[in-house]
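**Q** My structure is below; once you've seen it, I'll send some questions.
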Amino acid sequence: MLGRSLQQTAKKREARVEQIADEAKGQRNPPHHKPPLVETVNRMKHRWLQRVMYKTAVSSTAKCLAYAIADHLNCVTLDCWPGQLRLAQLLSRRSIKTLTRAAKELEEHGVLVTTRDRRNRIRYVPVFLPEDEDISAAVAGKFCPEPLDRNGRESFLSNPSNESVSKEGLSKIAASPRDVPRYDRRQRGAVEIQLADMLGKDGMAKLQRLAWYDDAIVDRLCRAYVEGTLDERSLNAARLAAAQM
């Protein structure tokens with residue numbers, strides 16, 4: 001009996017040592033999870049502003065306008081549409097024409113695109129570079145952005161009667177063993193159902209309005225949902241954008 005008891009104690013001790021070693025290993029090599037969508041966009045804005053401020057030969061008014069654009073940027077649509085009078089007040093400028101000239105400066109230097117929406121409002125679109133989204137090695141180790149997903153697009157928004165994607169397909173995505181599940185565009189219809197529910201009342205109509213403006217917006221939301229980076233702030237940004245379209 002004594003020998004058996006000693007053997008059990010030894011096994012427990014060995015198991016505990018292995019557990020501690022595994023925990024220590026996990027702390028040394030933490031999984032590389034992607035940050036929330038809002039944090040990613042904040043990093044993109046910071047790097048874009050750095051280019052405008054330090055590497056672009058534009059006027060001080062143009063640089064102030066760039067700051068205001070970054071400050072108003074919607075993290076889902078990656079553009080903004082502040083009123084011209086509001087911008088003039090924020091930047092202490094008396095004339096809207098001054099803002100127009102500043103925006104043209106930024107466009108001529110390739111760091112900004114301006115468009116007009118269906119309400120004839122000016123929408124400011126910063127020109128981001130692919131590396132703007134990369135996570136700094138000092139923050140989360142070397143992180144390589146996933147290659148462009150070239151799978152076919154299957155969306156309920158444009159083909160409501162031609163595609164049939166079950167929620168079972170979505171569960172397979174969520175159950176991926178990878179640290180960061182990969183977004184498969186062939187499952188987009190199933191993801192849209194979940195997004196519509198998260199957006200609340202008329203959620204599918206909100207997604208449809210976003211898709212009408214730019215289908216890449218809905219794709220960005222779907223990717224963020226699958227990768228686990230979609231938070232309430234991003235959902236609020238999507239609701240706001242849909243209401244303004």
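The values are calculated or read from the model by the stated rules, or taken from the named source; none is laboratory data. The structure presented is a predicted model; accordingly, all values stated were derived computationally and were not measured. All Cβ positions, even for glycine, are placed from backbone atoms using ideal geometry, and neighbour counts span all protein chains on display.
**Q** Can you pull out every residue in the range 97-134 that is under 17 Å from Pro82 (Cβ atoms), in contact (Cβ under 8 Å) with a residue 40 or more places away in the chain and under 20 Å from the mean Cα position of the chain (by Cα)?
**A** Leu112, Arg123, Tyr124, Val125, Pro126
**Q** Looking at the structure I just gave you, is Gln194 among the polar types (S, T, N, Q) and touching a helix residue (DSSP H, G or I) at 6+ places or on another chain (Cβ under 8 Å)?
**A** Answer is yes for this residue.
**Q** The conditions are (1) under 21 Å from the mean Cα position of the chain (by Cα); (2) surrounded by 18 or more Cβ atoms within 10 Å (Cβ to Cβ), and Tyr67 fails exactly one of them. Which is it?
**A** Among (1) under 21 Å from the mean Cα position of the chain (by Cα); (2) surrounded by 18 or more Cβ atoms within 10 Å (Cβ to Cβ), the lone unmet condition for Tyr67 is (2).
**Q** Within the range 54-64, take every residue that is of a type outside the set (Ser, Thr, Tyr) and over 26 Å from Ala237 (Cα atoms) and give me the one that is surrounded by the fewest Cβ atoms within 10 Å (Cβ to Cβ).
**A** Across the range 54-64, the extreme among qualifying residues is Ala57.
**Q** If a residue has to be part of a loop (DSSP other than H, G, I, E, B) and touching a His at 6+ places or on another chain (Cβ under 9 Å) to count, how many in the range 80-104 make the cut?
**A** 2
**Q** Do the conditions hold for Ala24, that is, is it at pLDDT 95 or above and either more than 30 Å from Arg182 (Cα to Cα) or loosely packed, with under 12 Cβ neighbours inside 10 Å (or both)?
**A** So Ala24 fails the test.
**Q** Same structure again: Considering every residue within the range 49-70, establish whether at least one is assigned to a loop (DSSP other than H, G, I, E, B), at pLDDT 85 or above, of a type outside the set (Val, Ile, Thr) and in contact with a helix residue (DSSP H, G or I) (Cβ under 8 Å, 6 or more places away or on another chain).
**A** Scanning the range 49-70, I find at least one residue that is assigned to a loop (DSSP other than H, G, I, E, B), at pLDDT 85 or above, of a type outside the set (Val, Ile, Thr) and in contact with a helix residue (DSSP H, G or I) (Cβ under 8 Å, 6 or more places away or on another chain), so the answer is yes.
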